[in-house]
Protein chains: 2
Amino acid sequence: MELLEELEIAPCNSSQYLRPFRLHYRQNGTKKFWDFMRTHDSVSILIFNITRQCFVLVKQFRPAVYMCELERHNPEVFQVKDMNDCCYPRDLLPASVGVTYELCAGIVDNPELSLAETACKEILEECGYNVPVANLRKISSYRSGVGVTGSKQTLFYAEVKDSMKTDIGGGKAEEGELIEVVEIPLEDAFNFSFDENLPKTMGVMFGFMWFQNNVAPLLPQKIKTNKITPIP
Amino acid sequence: MELLEELEIAPCNSSQYLRPFRLHYRQNGTKKFWDFMRTHDSVSILIFNITRQCFVLVKQFRPAVYMCELERHNPEVFQVKDMNDCCYPRDLLPASVGVTYELCAGIVDNPELSLAETACKEILEECGYNVPVANLRKISSYRSGVGVTGSKQTLFYAEVKDSMKTDIGGGKAEEGELIEVVEIPLEDAFNFSFDENLPKTMGVMFGFMWFQNNVAPLLPQKIKTNKITPIP
């Protein structure tokens with residue numbers, strides 16, 4: 001259980017994490033502009049533990065998600081307009097409303113690593129499994145946040161075994177990461193996926209459904225009997 | 001075909017579209033901060049035209065996506081650091097690298113409309129179909145951009161007929177929207193979904209797969225024969 005205290009919200013004038021730009025352009029003769037942010041491309045990995053027939057996800061407190069929910073309950077929290085102004089909300093929500101379930105993922109910021117190598121590094125750092133690059137299967141790539149960042153995400157599938165678990169995972173503590181590794185049994189995946197009380201990314205939902213269509217039919221019978229059941 | 005000219009890129013100090021905030025907080029005793037952006041929640045709609053057995057998507061030029069690709073070819077375009085500095089890239093890419101296929105979607109910014117009503121308004125504005133609210137089926141909701149925005153997206157399914165097309169669609173020209181409505185035949189949906197040369201959002205890929213699992217089995221036989229084929 002996360003303990004959350006001493007919230008202070010202020011407009012952010014300059015950030016090494018958020019780099020806003022404005023593009024002026026002429027499209028089919030009409031002058032326009034668009035504000036957007038530069039971010040890195042990223043990789044994410046659907047991990048299935050074949051030994052225990054479960055998906056391996058990560059779970060972490062996401063300040064941006066938490067603040068969306070806090071604003072729903074206290075619309076005044078973002079009224080601070082002046083750069084020197086701050087808001088100290090008192091009527092807090094439990095931290096759990098900002099804890100999301102996600103696929104293991106990471107940004108692509110080391111040009112010396114391939115996408116698959118970056119994915120393997122993240123699997124080890126966040127989930128503790130040592131996966132050979134050759135074991136990764138690329139599912140596809142797509143665009144995320146097309147209005148704001150437009151960055152490219154590449155999704156991989158990795159099958160792991162208990163014997164590949166060489167580390168505890170949990171992210172890089174020195175970078176402030178506080179990641180919990182969670183296992184979702186295959187037979188619970190469908191209900192988990194569509195339970196809106198458990199905040200999650202679309203990557204989780206897509207990944208589970210892709211597995212059902214593409215991997216489950218090829219699993220040994222023992223596993224297939226636990227397959228995700230469709231909506232009745 | 002989009003014609004793109006006169007690009008000018010500059011850091012963006014102040015924007016009515018991008019509202020960056022910094023949250024200071026104490027998590028389990030450790031002081032941290034996180035920079036994020038306030039955005040609206042949104043709705044998106046998987047639209048299937050039953051008359052012509054095709055999905056109805058929107059396609060538009062996305063400056064943020066275009067700039068990701070331009071940076072891949074000209075890494076110097078985002079070197080402008082000074083607020084008064086500008087970059088005028090000469091070696092442009094075709095606009096098509098920034099054109100993405102997306103589900104019909106819109107932000108939730110009118111508190112007088114329900115999510116389903118907002119979805120119906122977007123279907124009419126962007127795609128030209130007049131869909132009764134009762135015809136919408138909610139699929140689920142999830143979190144997008146958990147690191148940066150964390151906003152909630154709610155996904156609906158709408159079945160439409162040619163007779164419901166009362167307008168040309170294309171978005172609100174007065175707001176600068178230039179949206180092309182495209183139809184993807186059901187039998188082409190799988191190949192389209194996994195063709196990485198056609199930039200798209202994960203919403204499109206998830207939607208098509210959800211349809212295959214949840215709607216296609218209930219369609220009349222004539223349609224079922226065109227069902228999306230799984231990976232061989």
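Only residues that are basic (Lys, Arg) and within 18 Å of the chain's Cα centre (by Cα) were counted in the stretch B:139-171, giving 2. Within the stretch B:129-145, the presence of at least one residue that is in contact (Cβ under 8 Å) with a residue 12 or more places away in the chain, out of contact with any helix residue (DSSP H, G or I) (no Cβ under 8 Å at 6 or more places or on another chain) and not small (Gly, Ala, Ser) is confirmed. Being outside any loop (DSSP other than H, G, I, E, B), touching a residue at least 24 places away in the same chain (Cβ under 8 Å), within 11 Å of chain B (Cβ to nearest Cβ) and of a type in the set (Asp, Glu) is a condition met by at least one residue of the stretch A:90-102. Residues in the stretch B:166-189 that are modelled with pLDDT of 95 or more and crowded, with 17+ Cβ neighbours inside 10 Å: B:Val181, B:Ile184, B:Leu186, B:Ala189.
Quick one: how many residues across the stretch A:119-135 are over 17 Å from A:Thr51 (Cβ atoms), touching an Asp or Glu at 6+ places or on another chain (Cβ under 9 Å) and surrounded by fewer than 22 Cβ atoms within 10 Å (Cβ to Cβ)? Qualifying residue count, the stretch A:119-135: 3.
In summary, strands (runs of 3 or more DSSP E) completely within the stretch A:121-227 and bearing 2 or more residues that are away from chain B (no Cβ under 14 Å) occur at A:152-160, A:180-185.
Within the stretch B:76-109, can you find the residues that are closer than 16 Å to A:Arg19 by Cβ and open to solvent by 80 Å² or more (accessible area, probe 1.4 Å)?
Listed by number, the residues that qualify are B:Glu76, B:Gln79, B:Lys81, B:Asp82, B:Met83.
Within the stretch A:40-94, restricting attention to residues that are of a type in the set (Val, Ile, Thr) and out of contact with any Pro (no Cβ under 9 Å at 6 or more places or on another chain), which residue is nearest to A:Glu6 (Cα to Cα)? Going through the qualifying residues, I end up with A:Val58.
Considering the stretch B:21-85, the qualifying strands (runs of 3 or more DSSP E), each wholly inside and each with 1 or more residues that are in contact (Cβ under 8 Å) with a residue 60 or more places away in the chain, at the interface with chain A (Cβ under 8 Å from one of its Cβ atoms) and not aromatic (Phe, Trp, Tyr), run over B:30-38.
One line per residue, one yes/no per condition, for (1) hydroxyl-bearing (Ser, Thr, Tyr); (2) at pLDDT 95 or above; (3) more than 26 Å from A:Gly207 (Cβ to Cβ):
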position	(1), (2), (3)
B:Ala116	no, yes, yes
B:Leu124	no, yes, yes
B:Val131	no, yes, yes
B:Ala134	no, yes, yes
B:Thr149	yes, no, no
B:Ser193	yes, yes, no
B:Met202	no, yes, no
B:Met209	no, yes, no
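In this structure, does A:Gln60 turn out to be more than 17 Å from B:Phe36 (Cα to Cα) and surrounded by 13 or more Cβ atoms within 10 Å (Cβ to Cβ)? Against the criterion (more than 17 Å from B:Phe36 (Cα to Cα) and surrounded by 13 or more Cβ atoms within 10 Å (Cβ to Cβ)), A:Gln60 does not qualify. Residues that are of a type outside the set (Ser, Thr, Tyr), over 28 Å from B:Glu180 (Cα atoms) and facing chain B (nearest Cβ under 7 Å) were ranked within the stretch A:7-20; the one that is most open to solvent (accessible area, probe 1.4 Å) is A:Glu8.
The values are calculated or read from the model by the stated rules, or taken from the named source; none is laboratory data. Only a predicted model underlies this, so the values are computations on that prediction, with no experimental measurement involved. For neighbour counting, all protein chains shown are included, and Cβ atoms are generated from backbone atoms with ideal geometry for every residue, glycine included. All accessible areas refer to the heavy atoms of the entire protein, side chains included, with ligands and DNA or RNA removed. Shrake-Rupley method; radii C 1.70, N 1.55, O 1.52, S 1.80 Å.
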